[in-house]
């Protein structure tokens with residue numbers, strides 16, 4: 001069915017669809033605004049900025065205030081450990097691991113803390129995650145393995161560690 005907007009009907013803010021008035025244009029704008037806010041901010045109640053900034057004391061204070069360490073920080077399912085690992089904050093990663101965060105948690109794309117650490121090229125964070133039981137998920141058509149991420153970005157120290165570490169197992 002073709003949508004047709006009648007010139008005289010715009011003053012009322014309605015579209016004519018099949019000869020009937022449709023929803024007001026303002027409704028579309030409101031729905032778009034809600035979608036954008038939910039997409040960019042996320043639905044979680046915790047602030048991810050302490051993990052991004054490496055503000056370990058602030059993050060520990062949030063966690064001590066009974067914030068769930070495994071709560072997604074966005075609609076994509078990004079967790080605090082992924083953010084801290086991607087930004088290279090070793091102390092923050094250690095604090096999250098001490099709070100029993102899921103070391104193999106993945107967002108909706110399959111990205112894990114190990115992917116994030118490989119992306120950041122920090123071998124000390126990769127080793128820390130491996131020491132706490134991190135496993136490398138297999139690659140998919142849209143998500144490479146952590147080793148492939150490190151190789152693509154030229155993080156040779158991370159590549160060497162991921163290649164030589166016998167504790168890396170792919171999960172199926």
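Every read-out reported here was derived from the displayed coordinates using simple, explicitly stated rules and does not represent laboratory data. No experiment lies behind these values; they were computed from the predicted model shown. Here the Cβ is made from the backbone with ideal geometry for all residues, glycine too, and neighbour counts use every protein chain on show.
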Open item on the list: How much length would be gained if the chain were fully extended between residue 71 and residue 91, taking 0.36 nm per residue of separation minus their Cα-Cα distance, in nm to one decimal?
Closed with: 5.2 nm
- [ ] Order these peptides, 111-117, 88-94, by their mean beta-carbon neighbour count within 10 angstrom, highest first.
- [x] 111-117, 88-94
Task: Residue-span extension gain [residue 64 to residue 164] - 0.36 nm each, minus C-alpha spacing - done: 32.3 nm
Task: Separation in nanometres of the label points that stand 7 Å from Cα toward Cβ, at residue 148 and residue 124 - done: 3.0
Task: Spin-label proximity, residue 157 to segment 63-91 - amide N less than 19 Å from point 7 Å beyond Cα toward beta carbon - done: 84-91
- [ ] Compare the peptides 56-68, 139-151 by average per-residue count of other Cβ atoms within 10 angstrom and give them in order, highest first.
- [x] 139-151, 56-68
- [ ] Express the relative contact order of segment 46-164 as a whole percentage, based on alpha carbon pairs under 8 Å and six or more residues apart in sequence.
- [x] 21
TODO: Assuming a ≥ b ≥ c are the square roots of the Cα gyration tensor eigenvalues, decide whether segment 77-118 counts as rounded (a/c under 1.5), prolate (otherwise, with a/b larger than b/c) or oblate.
DONE: oblate
